[in-house]
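The structure appears right after this line, and notes come after that.
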Amino acid sequence: VTVNSYLRSKTARHVYASGDCASAVPPRDRRSIHAGWTGFNVVRNALLPWFLRSRATHPFVPRVAYLDPEVAGAGMSAAECILRFGVDGYDSFLVPEDGNDRADVESRERFTDANFVELRAEKISGRLLGASACGPAAAEIINEVCLALVNRLTVRQIARTLHAYPSHGYLLYRISTALAMQKISGLLAGCGVFGRFLGAQLRNFARVATIFKFKWLPWKKQSMLKLSRWQATGSSNALVLQTEKGGPSLLSFIDAYNNETLCTQILSENNTSLHIHHGKREFTEWLDAKG
C-alpha cells in the first residue's frame, strides 16, 4: 500500500496501512517488532487530530538473524557510511570475540573464532552511526546500540558507562573506549569538566577546518559522490578466496584493492598461491568502473 510517513494512503485518505504492507517501511526494516510499532502509531494517527500525529516508522530498527551464533545489526551499514562519508570519512573499529576472557571461558562449549562486534561513528563528533555483531548475545548488544542511536550518544559517552566484566556486552565497551581514545578530544573527555570543554573546542575547530577543504563546491561534491558510490559497491561485494594455508574466506573488493600485493595476485593470470572461487570477473569490472 502506497502511504506517506504517517502511514496514510496517498490515494484513499481514509485508509491507513502498517507493517510489511506499507510502502514507507523499508524492506530491511520489515521486522515483527517494527510491525508492532507501526501498528500502534497508525492507530494514533488515524484517531487523533493532525497536530498530535507524527512519523509512524522508526529510524533505528534492530535487525537480527537468530542463527547459531546470532547475527545482528542496527543503524547505517558499512556501505551506507562509505556512500555518505567516503572510506576515510568515518571511524570504524572491529573487535573479535576470540581472545576476550568470556570467550576463553566458553571456548570449549561453543565456537568463538568468527564472533565479533563492530562500531561505526562520525569522525569529528563521535556520534554512533551503526553497528554489526555476531555472537551468542548479538541481539542484546544491538539493543544497547539502538538505545545509543535513538539518543544520539557518542562513543565517548558509551566509554564512560561501565559494563559488567566479563559480559558479552563488554566488547561494546572496549570498542567505544578504543574509538574515543584515538583522538585528543576523546582523551580530554576523561579529564574532568575542563577537559571535556577543551575537547569540545577541538571538535568545533575541526568542523570549521572542514569548510576550508572546499568539499562543498558543486564539482567537488559530484566527484566525491561518484567515488563514494564506487567505494560503497566495493564494500558490498566480496571475493571468495582459498589460500594454501586455509579454507575458503571472504574478502571485500575494497579491502583487496587497498592491499596492493594481494590485488596484483588476484589480477595475475599465472598466480598459483591464491585460488579464487568466485568474484574475479566482477572485481575486474569494478576496478574498470573507477575510470
Notebook entry, point to check: Does the range 186-206 contain any residue that is touching a residue at least 12 places away in the same chain (Cβ under 8 Å) and among the polar types (S, T, N, Q)?
Noted result: no
Within the range 4-36, the residues that are open to solvent by less than 60 Å² (accessible area, probe 1.4 Å), over 23 Å from residue 72 (Cβ atoms) and in a helix (DSSP H, G or I) are none
Inspect the range 169-181 for any residue being in contact with a Leu (Cβ under 9 Å, 6 or more places away or on another chain), open to solvent by 50 Å² or more (accessible area, probe 1.4 Å) and not in a loop (DSSP other than H, G, I, E, B) and give the result as yes or no.
-> yes
Selection from the range 82-92 of residues open to solvent by 30 Å² or more (accessible area, probe 1.4 Å) and either closer than 24 Å to residue 220 by Cα or outside any strand (DSSP E or B) (or both) yields 83, 84, 85, 87, 88
Report whether or not residue 152 is outside any helix (DSSP H, G or I) and modelled with pLDDT of 90 or more. yes
### Query
Do we find a residue being within 26 Å of residue 59 (Cα to Cα) and either among the β-branched types (Val, Ile, Thr) or part of a helix (DSSP H, G or I) (or both) anywhere in the range 117-129?
yes
Going through (1) modelled with pLDDT under 85; (2) part of a helix (DSSP H, G or I) one by one, residue 1 fails only at (2)
With the first residue restricted to the range 224-239 and required to be touching a residue at least 40 places away in the same chain (Cβ under 8 Å), and the second required to be assigned to a helix (DSSP H, G or I) and open to solvent by 70 Å² or more (accessible area, probe 1.4 Å), Cβ contacts under 8 Å at 6 or more apart or on different chains are 228/83; 228/84; 229/83; 231/83; 232/83; 234/257
Q: Might you check whether a residue that is in a strand (DSSP E or B), modelled with pLDDT under 75 and either surrounded by 10 or more Cβ atoms within 10 Å (Cβ to Cβ) or more than 24 Å from the chain's Cα centre (by Cα) (or both) occurs anywhere in the range 250-265?
A: yes
Every listed condition ((1) more than 30 Å from residue 281 (Cβ to Cβ); (2) open to solvent by 90 Å² or more (accessible area, probe 1.4 Å)) holds for residue 229 save (1)
Checking 120, 160, 127 in turn, the sole residue that is under 20 Å from residue 187 (Cα atoms), among the basic types (Lys, Arg) and more than 14 Å from the chain's Cα centre (by Cα) turns out to be 160
Checking 103, 79 in turn, the sole residue that is open to solvent by less than 50 Å² (accessible area, probe 1.4 Å), modelled with pLDDT of 85 or more and in a helix (DSSP H, G or I) turns out to be 79
Residue hits (the range 37-75; of a type in the set (A, V, I, L, M), out of contact with any helix residue (DSSP H, G or I) (no Cβ under 8 Å at 6 or more places or on another chain) and either closer than 30 Å to residue 115 by Cβ or open to solvent by 40 Å² or more (accessible area, probe 1.4 Å) (or both)) are 43, 46, 47, 48, 65, 67
Residues of the range 130-149 being assigned to a strand (DSSP E or B) and open to solvent by less than 10 Å² (accessible area, probe 1.4 Å), in sequence order, are 130, 131, 133, 135
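The values are calculated or read from the model by the stated rules, or taken from the named source; none is laboratory data. This structure is a prediction, so every number in the text was calculated from the model and none was measured. As a convention, Cβ positions derive from the backbone with ideal geometry for all residues, glycine included, and neighbour counts pool all protein chains shown. For the accessible areas, the whole protein counts, side chains as well, though only heavy atoms, and no ligand, DNA or RNA atoms are used. Shrake-Rupley method; radii C 1.70, N 1.55, O 1.52, S 1.80 Å.
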